[in-house]
Every structure is written in C-alpha cells, then in structure tokens.
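Below is one structure, written out as structure tokens, with a few remarks after it.
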Amino acid sequence: MLVIMKSNATDEEIEAVCRKIESLGYRAHPIPGSTRTAVGITGNQGPVEAAALESMPGVAECIPVSKPYKLVLREIKEETTIIDLGDGVRIGGKELAIIAGPCAVENREQTKTIAASVAAAGARLFRGGAYKPRTSPYSFQGLAEDGLKILDEVRSEFGLKIVTEAIDVENLELVERYSDIIQIGARNMQNYSLLKRAGKSHRPVLLKRGISATLDELLMAAEYILSEGNYNVILCERGIRTFADHTRNTLDLSVIPAVQRISHLPILVDPSHGTGRREKVLPLSRAAIAVGADGLMIEVHHRPEDALSDGYQSIKPPEFLQLMKEIRQIAAVLGRTVAPAPES
Ligand code: PEP
Ligand code: MN
C-alpha cells in the first residue's frame, strides 16, 4: 500500500505516519516528490489495514498496490528520479548521462588515455571494470583493487565520475569506497544477496538487465535495492538473448518507454554489450536517445584490437567524438542536452 500525503503535509505529519507504519511491524519508505510525499509500506505479508492511516493528519489517501513491486512505481513518485552525483552531474534530468570508457581497466596508461579522450568529447562519467564477470575462467578477470586505485586517479585527474562493477558481496565494499556508482551486471541481476547489500549502500546503483530478464524481473530486482533503503537506482538496457544471429544480443529499445510508463527510475542504454559489434554502436546510440533513454553507456578503447576484453564492440575515441556530436543534435529535438566538450 502507498500512503499519499497532502501537498501541504508537514514533516511532523509524515514522520508520524512512518512511526505508525513501523509500530504495525512494517517498514516505511517516505519518498518525497515535487508536489507531495508518498510513503511506501514494505514488510507486510497480506493487505495493510488502511483505516488506521487514512484518518491521520496530513494523509490524502491510501492506495492499495496490486503489482509485486511498489517503491519503483510512478504512483509513488510522479517525476523521474534524478540521481545527483555532485559537480553538476545528474542522471535522470534534462541533461543526458553519458558513461564512457573501456570494458576493463587494463593498466594506468590505457585507462588514462581513454579517460582523457572521453572527457574531451564531453562525457562526465567514466566506466571501466576492475572486477570482470567473464564467461571463461581463463579470460582476464580484472585488476581488482589495483584497478580501483587507477579509477580513483581518473576521478581526480579528469573530474570524471566513476562507474565500476561489483561482482559479489565480498568486493562490493571496496567498489563502494572507490566508485561514484556501483554497477551490478547482467549476470548478477538476480543475485539477491548482492542486490540486498547494494540496497544498504550509500552509493547509487546502476542495475543492468539480465540477458533473459523480463520487464517485471528487472523491476523486481530494482525493488530489492530500494526496499533496503537505497532509492538511487539507475536501470540499464544492455540487450537480451534472442535467436538473432547478426548481433551479440538484441537491444530491446521498446523496454525504455515500457519502463518509463511504470517506474520513476531513470534508464540508460548500453549499445556496446547490446550489439557486440563496433559498427552498430553509433546507429543504436542515436536510436536509444530518440526513444527517450536518459543516457548511454559506451565502451571506448584507443586500441581495441589489443583490448583484454570486448575489443570488437569498443569504439575508438574519434568515433566516440562523432557519436557525441550526433546525439547532441538528437537530444535537442527532444528538449534534452548533452554536456558540451570542454574546449568548445
Ligand atoms: C560490462 O558493463 O562490462 C558488463 C560486463 O556488462 P553486462 O553485465 O551488461 O554484460
Ligand atoms: Mn564489456
């Protein structure tokens, strides 16, 4: 159930409602919106008795929720959640969030060369895995903490916000320390202990869609994180597995408006993993912005032929610059913006 507070409800009234919910043995989640606060209730096995709450001061109405997820719903918060990372970098607002960088942090020189190029093109967020979930146990597994330290240097030298993946509960704490956003990858979308641990983090979480996950399953995975008290979740469509054999995955752009209708969470598109082929990244990036995504995650490598992972889907810095130019034009049509390249 959701308790919708009146637009003029006071902080004390909201607090009293939360206390009442907790006294019934449930968990209260006050979610402020631009016009009013809604309080989500979790922890109840059956329906919550509305009468006790409806009569409290400041309460406008109580709405029963029939869906299996609650806190991700637009009913609780009309406007899209904006994740504020500081220094003017936001995800979910008018400015599109462009996350770019190599698949993996391979070494200091490689990482900084790529960071310099994506920053110069206008990206404000940098990606790079220090822990890599690889299909083969013999493939490069990432530099672990040494990689995180290189990312830390990238943040201070280039002013980029850092997005990097935690692949298990054990390394989440380290990732949390060095990152601005914790990525949970497709393979881990239903790793419920990892989702719960991420829900206790103070860092925003980028949650990628599993390769065979339905929309409901994606939203349920996000709900795990929110239900633990972390409301800063960003969804990411990264392609699903289908019978199509002209592409690594099938990038499901139709999920973007579907998510946006149901949920207040921002959603990004990753056309690199979504297609698996360098030449498809630019066209699918254009399409992702046109369909209304809140931004992109793009793999960039200055020497993709030597990349330790995902070289065949990594675009080179000049191609990334071109991509940024084109999506700036598409964004403008939709009333959105892309950060300018620093020198322009
Ligand atoms: C990645 O972003 O490098 C990655 C491993 O992505 P995914 O989890 O979508 O496969
Ligand atoms: Mn990759």
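The values are calculated or read from the model by the stated rules, or taken from the named source; none is laboratory data. None of the values given here were measured: they were computed from a predicted structure. Don't worry about glycine lacking a Cβ; one is built from the backbone with ideal geometry, like all the others, and counts go over all protein chains shown.
Here are the numbers for this structure:
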read-out	value
Residues of segment 175-198 that turn out to be surrounded by fewer than 22 Cβ atoms within 10 Å (Cβ to Cβ), touching a residue at least 24 places away in the same chain (Cβ under 8 Å) and out of contact with any helix residue (DSSP H, G or I) (no Cβ under 8 Å at 6 or more places or on another chain), as a count	2
Filtered residues of segment 209-227 (kept if among the β-branched types (Val, Ile, Thr) and either in a helix (DSSP H, G or I) or touching a residue at least 40 places away in the same chain (Cβ under 8 Å) (or both))	Ile225
Tally of residues being within 17 Å of Met297 (Cβ to Cβ), free of Cβ contacts under 8 Å to residues at least 60 places away in the same chain and part of a helix (DSSP H, G or I) across segment 77-130	2
Leading residue by the ranking (farthest from Ala244 (Cα to Cα)) among those in segment 260-291 that are surrounded by fewer than 24 Cβ atoms within 10 Å (Cβ to Cβ), of a type in the set (D, E, K, R) and within 16 Å of ligand 2 (Cβ to nearest atom)	Arg278
Residue among Ser227, Ser201 that alone is touching a helix residue (DSSP H, G or I) at 6+ places or on another chain (Cβ under 9 Å), more than 28 Å from Ser66 (Cβ to Cβ) and away from ligand 1 (no atom under 16 Å from the Cβ)	Ser201
Among the residues listed as Lys94, Lys77, Lys132, Lys67, the single one being within 16 Å of ligand 2 (Cβ to nearest atom), under 28 Å from Ala293 (Cβ atoms) and not polar (S, T, N, Q)	Lys132
Residue within segment 114-128 that is among the aromatic types (Phe, Trp, Tyr), surrounded by 19 or more Cβ atoms within 10 Å (Cβ to Cβ) and either at pLDDT 95 or above or within 15 Å of ligand 1 (Cβ to nearest atom) (or both) present	yes
Among residues of segment 63-121, those that are within 30 Å of Glu305 (Cα to Cα) and acidic (Asp, Glu), counted	2
In segment 41-76, the residues that are under 19 Å from Glu15 (Cα atoms), touching a residue at least 60 places away in the same chain (Cβ under 8 Å) and either in contact with a Phe, Trp or Tyr (Cβ under 9 Å, 6 or more places away or on another chain) or not in a loop (DSSP other than H, G, I, E, B) (or both)	Thr42, Cys62, Ile63, Leu71
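Yes/no per residue for (1) touching a strand residue (DSSP E or B) at 6+ places or on another chain (Cβ under 8 Å); (2) at negative phi; (3) in a loop (DSSP other than H, G, I, E, B):
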site	(1), (2), (3)
Arg197	no, yes, no
Arg203	yes, yes, yes
Leu206	yes, yes, no
Gly229	yes, no, yes
Leu235	yes, yes, no
Leu253	yes, yes, yes
Pro257	no, yes, no
Ser272	yes, yes, no
